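Worksheet: one structure, shown below.
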Amino acid sequence: MDKNKNEKMEAIVSLAKRRGFIYQGSEVYGGLSGTWDFGPLGVSLKRNIMNLWWKMFVQDREDMYGIDAAILMNQKVWKASGHVDTFTDPLVECNNCHSRLRADHLLKDFANDSHGLIHEEFSNTLESLKSNMDTFKPACPVCGKQDWSEPRTFNMMFKTHVGPVDDESSVSYLRPETAQGIFTNYKNVLDSFYPDLPFGLAQQGKAFRNEISPRDFIFRSREFEQMEIEYFIDPANWETEFNKWVGLVHDWTDALGLPAENVHELEVPEADRAHYSKRTIDFEFDFPIGREELLGLAYRTDFDLGNIQREAGKNMEYTVKGTNTKFIPHVIEPSFGVERAMMAVLSAAYTEDEVNGEKRVYLKLPEHLAPVKYAISPLLKNKPELVAKAREVYDILKKKHGNVMWDDNGNIGKRYRRQDEIGTPFCVVIDFETLEDEAVTIRDRDTTEQKRVKITDL
Ligand code: ATP
């Protein structure tokens, strides 16, 4: 990774902390690796992203139903889904310092750092990881030695017990994906609404994975948020439906304000696909840490509903209305990560330029995602008549938009810089002229241009 990329990532992490977007989880106690807390602006940005998704994919569509399932589920869910047996990552241990790391990540970093190797050429099967670890012997990033244990599989689900008895029958897991809460409710929604095919169920919520080495800020966390859709289709149409979703995913990345040239489709080869998938496209984004997975789109066939039918002994078939045609619907699954969307949005928005010979940092956030849309300032905070007028304007805009901030700290220049850093598109200043002409100065974040606008026209 080149130095500039590293510097950009560090600048974003530092801004996110300083300005109240994202803090290390449990930081006062030394932190808890792989966990992050969202501060006042972070939670706003996160909600704006999640609400945008809900609006685009649930509210604005006729064929989509929202649900919100429990995080803890019957252990049979995870046995039937294959997660107990196969939801694993390849772990290797350094024989010198005993650091435990992901074999595929070590090889990928090795490929990125060295001469002409391309990480996509490495397959992630245990066998090929073992042979590549033996061939390339990457250095341990902690102690520098090149002495590794053989790769072995490590299950990433957090295990817990439900109820006061600690035995096998009480075992449960924190869900590693939200999808299973959708599949287990497919029949319920069918019974309540009986939608025509194709239709989708959508859910947002926490997912937990005991990642071997969480890293890269919020990109790889142990606790994160997913937004998933299971779109139930007639298997005869799977290719058409899959292609429609490819288009919808691009609409989504556009709505996030991500430049199209930084979003890439990676056709995942069969050997690397999840156990349930017949086709997968990983949508990758050029993050400052490199090109990495932003979200996934998978054709999951009837794998999950078929498993439920078999293991729970309940009929999962869909009867096409007015006919005797019955089949288990197949599923297209777009799976979005909230934190990765946030990190992409922050990376795309982070901008440095020069204003009046001074370096300026600002977040060029799309207006509909910015945590604060208007910052309202009286020119001088010790002039009661200005403060009173500014309060009036603040109240009007607050009622109308909600995400409005009062800012009277320091001089106007400092206020602009501060609002630029958190991505506020408009700063509104109330000065002595306002008292005469009922107009305010509005300053545009991106151009820094200032305009006089009547309060009634705001
Ligand atoms: P990766 O290969 O990067 O580990 P994955 O292929 O295992 O990701 P999926 O199981 O397809 O990820 O999960 C769907 C989405 O959930 C991902 O595209 C990503 O946006 C998000 N996601 C998955 N794991 C994490 C994590 N540990 N931290 C943050 N987001 C995650």
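The values are calculated or read from the model by the stated rules, or taken from the named source; none is laboratory data. Here the structure is a predicted model, which is why all the values come from computation and not from measurement. Quick reminder, even Gly has a Cβ in these numbers, built from the backbone with ideal geometry, and neighbours come from all protein chains shown. All accessible areas refer to the heavy atoms of the entire protein, side chains included, with ligands and DNA or RNA removed. Shrake-Rupley method; radii C 1.70, N 1.55, O 1.52, S 1.80 Å.
Pairs under 6 Å by beta carbon, first residue among the acidic types (Asp, Glu) in the stretch 328-349, partner more than 10 Å from the ligand (Cβ to nearest atom), six or more apart or different chains?
From the stretch 328-349, the pairs are GLU333/GLU230; GLU333/ARG300.
Looking only at the stretch 251-266, decide whether some residue is part of a loop (DSSP other than H, G, I, E, B), in the same structural domain as ARG47 (by TED's automatic domain parsing) and out of contact with any Pro (no Cβ under 9 Å at 6 or more places or on another chain).
yes
Cβ-Cβ distance below 6 Å, separation of 6 or more or different chains: which pairs start in the stretch 72-99 with a residue that is touching a residue at least 24 places away in the same chain (Cβ under 8 Å) and end on one that is open to solvent by 40 Å² or more (accessible area, probe 1.4 Å) and hydroxyl-bearing (Ser, Thr, Tyr)?
Here the result reads THR88/THR153, each pair linking the stretch 72-99 to a residue that is open to solvent by 40 Å² or more (accessible area, probe 1.4 Å) and hydroxyl-bearing (Ser, Thr, Tyr).
Need the failing condition index for VAL320 against (1) within 16 Å of the ligand (Cβ to nearest atom); (2) surrounded by fewer than 21 Cβ atoms within 10 Å (Cβ to Cβ), just the number.
(1)
Check the stretch 277-300 and report whether any residue there is without any contact (Cβ under 8 Å) to a residue 12 or more places away in the chain, open to solvent by 60 Å² or more (accessible area, probe 1.4 Å) and not acidic (Asp, Glu).
no
Residues are listed down the side, and each one gets a yes or a no for (1) farther than 18 Å from VAL84 by Cα; (2) surrounded by fewer than 19 Cβ atoms within 10 Å (Cβ to Cβ); (3) without any contact (Cβ under 8 Å) to a residue 24 or more places away in the chain; (4) assigned by TED's automatic domain parsing to the domain that holds ILE49:
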position: GLU150; (1), (2), (3), (4): yes, yes, no, no
position: PHE154; (1), (2), (3), (4): no, yes, no, no
position: ARG209; (1), (2), (3), (4): no, no, no, yes
position: GLU225; (1), (2), (3), (4): yes, no, no, yes
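Does ALA16 satisfy the criteria of being open to solvent by less than 30 Å² (accessible area, probe 1.4 Å) and over 27 Å from PHE217 (Cα atoms)?
no
Rundown of residues vs (1) outside any helix (DSSP H, G or I); (2) aliphatic (A, V, I, L, M); (3) at pLDDT 95 or above, yes/no style:
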residue	(1), (2), (3)
LYS187	no, no, yes
GLN204	yes, no, yes
ALA207	yes, yes, yes
GLU211	yes, no, no
MET227	yes, yes, yes
GLY247	no, no, yes
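Show me the strands (runs of 3 or more DSSP E) found entirely inside the stretch 28-123 where at least 1 residues are basic (Lys, Arg).
100-102
Take the conditions within 30 Å of LEU45 (Cβ to Cβ), modelled with pLDDT under 95, within 16 Å of the ligand (Cβ to nearest atom) and among the aliphatic types (A, V, I, L, M) and apply them to ILE218. Does it pass?
Answer is no for this residue.
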